[in-house]
Amino acid sequence: MFFKVYKNQKTFSDIDKLLCSKGFSLYGLYPKYISKKMIDRTKYETNERLMWADAFYIKDPLEQKNTHKPFTEREVDVLIISALLTGFFDYATEIIEAYKEDITEKKKLLKLARLLARREKTKIERSARQFISKCHKSPERTFLLAKKFIDKNKKNNDVDFLTVS
């Protein structure tokens with residue numbers, strides 16, 4: 001929660017401080033916004049207040065605050081699996097490169113991370129084609145369709161540094 005709904009409620013900053021004090025780091029935030037819906041969102045654009053968010057924390061063995069404690073093989077494996085399941089494919093690759101010594105296992109895990117990342121790309125491309133088709137069929141609904149497309153496909157990443165030729 002980013003604002004208190006009831007008395008003595010803990011907020012995000014309270015929870016974040018606790019988890020960080022235990023060696024965890026925030027890696028992903030999946031927010032939910034609310035408003036009083038005074039403006040018709042099918043016709044107008046407006047920002048809304050951040051109500052709550054699902055937060056993804058991990059104990060990152062690569063972070064300075066955790067280098068004092070060696071991570072077990074099981075902890076590393078759980079971290080890799082967690083990263084793959086939550087779509088942090090680049091981070092999974094980083095952990096695989098840093099901690100997996102067996103070359104065969106490393107190659108298989110790296111291949112899996114790339115395969116899963118490609119699958120996500122393919123899903124977004126399919127969704128984009130469907131979005132374009134719906135816009136052609138109902139041009140008067142393009143704004144709402146675009147907002148729904150963005151909501152459905154937004155991820156915890158940016159590509160603003162990439163150029164489109």
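Pick from the range 23-50 the residues that are loosely packed, with under 10 Cβ neighbours inside 10 Å and not aliphatic (A, V, I, L, M): which of them is farthest from I150 (Cα to Cα)? Across the range 23-50, the extreme among qualifying residues is K36.
Flag: F89 does not match the condition of being modelled with pLDDT under 95 and surrounded by 10 or more Cβ atoms within 10 Å (Cβ to Cβ). Looking only at the range 130-151, decide whether some residue is within 15 Å of the chain's Cα centre (by Cα), modelled with pLDDT under 95 and exposed (fewer than 14 other Cβ atoms within 10 Å of the Cβ). Yes - at least one qualifying residue is present in the range 130-151.
On the basis of being more than 25 Å from L115 (Cβ to Cβ), touching a helix residue (DSSP H, G or I) at 6+ places or on another chain (Cβ under 9 Å) and surrounded by 13 or more Cβ atoms within 10 Å (Cβ to Cβ), does Y57 make the cut?
Yes, satisfied.
The values are calculated or read from the model by the stated rules, or taken from the named source; none is laboratory data. Predicted model, so just to flag it, every value in this text is computed and none were measured. Reconstructed Cβ throughout: ideal geometry from the backbone, glycine too, with neighbour counts over all protein chains shown.
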